[in-house]
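The values are calculated or read from the model by the stated rules, or taken from the named source; none is laboratory data. Small disclaimer: the values here were computed from a predicted structure and weren't measured. In this analysis, Cβ positions are derived from the backbone assuming ideal geometry, glycine residues included, and neighbour counts consider all displayed protein chains.
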Amino acid sequence: MTWPASAAEAPLAPLCSGDGSFSLHSAAFGEAFHSPRGAVREAFETFVMPSGLDRFRAGDELRVVELCVGTGTNTLALLQACAERDLRLQWWGLELDPRPLQLALASPAFRRPWGPALLLQLQTLATGERLLWGDARQQVVNGLPAALRGRTHLVWHDAFSPRRCPQLWSHELLQRLASLLAPEGRLVTYCAAAAVRASLRMAGLQLASIRADGPGAAGTWCHGTVASPAPLPAEACLRPLGAMEIEHLASRAGEPYRDPDGNADGASMLAAREQAQRRHPGPSTGSWRRRWGVGARGDTAAPQ
């Protein structure tokens, strides 16, 4: 498997995200690690809140698999939320590149929003055996304990976008992640791409959109996707998929990314998907865009 421009060696540039918190930009993937809303804000609005932690009682054990730990911002938000609710966290993280976490922990700007106890917990996780380094596709199969299958409460998926990193959004990997979920477990991601949602639905999961409310949400239909084996209850931050989103799944944009052997490179996956889209029986993505007046760019406002 070849990651773009040797992703674990390509430059990472620190940047200040929309809420003033620390983030990074990856030269290999040509994307920032967080949305323009800000790293900390995204962690709570897109990952913590849609996880529905209020479903659990004080003292409960919470089993979480976090795909693409990155700077550790999402992990810190989870640690804080668990501490506030007195939940016993059992966490496994998957990450290819150790540098984002190292850069974050060394940055005063990153450390500033968090208390010393939370930062110490993150450092402990970063050096522990439950942070699995390497290609997440192999770690999901060979690194995670078999006992997590069907017993994981949360899977957090925060890889770079499918257009930049299709390896981590393949139909096959999403099926494996879905198999980890407990009966009322949730897979939570910022991604609203039709290809990803179609794969999750084919895995037998129910889908909901993460509401895009508050400052900076104008023109964005959602902040991501929650998927579960069980119907998702009405919650303040979730809503059912609308007619536009359902039609999106049926368009050629809903053609999944394929990686049967779990070792394909991104370029070949994108090329294979383009060929499959030409054979797809659904309407073109362009006609769907025109019908709903959706812009041509932007991963959340107009996913591919």
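Taking the listed residues 137, 149, the one that is out of contact with any Ser or Thr (no Cβ under 7 Å at 6 or more places or on another chain) and among the basic types (Lys, Arg) is 137, with no other qualifying. The single condition among (1) under 30 Å from residue 256 (Cβ atoms); (2) touching a Cys at 6+ places or on another chain (Cβ under 7 Å) that residue 89 does not meet is (1). In the range 42-59, the residues that are under 30 Å from residue 17 (Cα atoms) form Cβ pairs under 6 Å with partners that are of a type in the set (Phe, Trp, Tyr), at six or more places apart or across chains, as follows: 46/190; 47/156.
Of the residues in the range 126-135, at least one is assigned to a loop (DSSP other than H, G, I, E, B) and either among the β-branched types (Val, Ile, Thr) or crowded, with 21+ Cβ neighbours inside 10 Å (or both). Looking across the range 56-109, the residues that are over 21 Å from residue 127 (Cβ atoms) and either over 21 Å from the mean Cα position of the chain (by Cα) or polar (S, T, N, Q) (or both) come down to 56, 57, 58, 59, 60, 61, 84, 85, 86, 87, 109. Across the range 111-129, the number of residues qualifying as free of Cβ contacts under 8 Å to residues at least 40 places away in the same chain and of a type outside the set (Lys, Arg) comes to 10.
Listed here are the residues, each with its yes/no results for (1) of a type in the set (Ser, Thr, Tyr); (2) without any contact (Cβ under 8 Å) to a residue 60 or more places away in the chain; (3) touching a Gly at 6+ places or on another chain (Cβ under 9 Å).
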position: 61; (1), (2), (3): no, yes, no
position: 74; (1), (2), (3): no, no, no
position: 77; (1), (2), (3): no, yes, no
position: 84; (1), (2), (3): no, yes, no
position: 101; (1), (2), (3): no, yes, yes
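When each of 266, 254, 293 is tested for being of a type outside the set (Lys, Arg) and either modelled with pLDDT under 95 or under 20 Å from residue 44 (Cβ atoms) (or both), the lone residue that passes is 293.
Taking the conditions exactly as written (assigned to a helix (DSSP H, G or I) and within 23 Å of residue 78 (Cβ to Cβ)), does residue 207 satisfy them or not? Answer is no for this residue. Taken over the range 146-158, residues that are within 14 Å of residue 176 (Cβ to Cβ), in contact with a strand residue (DSSP E or B) (Cβ under 8 Å, 6 or more places away or on another chain) and outside any helix (DSSP H, G or I) amount to 4. For the criterion of being surrounded by 22 or more Cβ atoms within 10 Å (Cβ to Cβ), of a type outside the set (Lys, Arg), touching a residue at least 60 places away in the same chain (Cβ under 8 Å) and over 13 Å from residue 126 (Cα atoms), residue 24 passes. The residues of the range 244-272 that are small (Gly, Ala, Ser), part of a helix (DSSP H, G or I) and surrounded by 15 or more Cβ atoms within 10 Å (Cβ to Cβ), listed by number, are 250, 253, 254, 266, 272. Among the residues making up the range 145-180, those that are polar (S, T, N, Q) and under 25 Å from residue 42 (Cβ atoms) are 152, 161, 167, 170. For the range 172-188, state whether one or more residues are crowded, with 20+ Cβ neighbours inside 10 Å and either within 23 Å of residue 291 (Cβ to Cβ) or of a type in the set (S, T, N, Q) (or both). Within the range 172-188, not a single residue is crowded, with 20+ Cβ neighbours inside 10 Å and either within 23 Å of residue 291 (Cβ to Cβ) or of a type in the set (S, T, N, Q) (or both). Filtering 200, 232 for residues that are under 27 Å from residue 53 (Cα atoms), outside any helix (DSSP H, G or I) and either out of contact with any strand residue (DSSP E or B) (no Cβ under 6 Å at 6 or more places or on another chain) or modelled with pLDDT of 95 or more (or both) leaves a single hit, 232.
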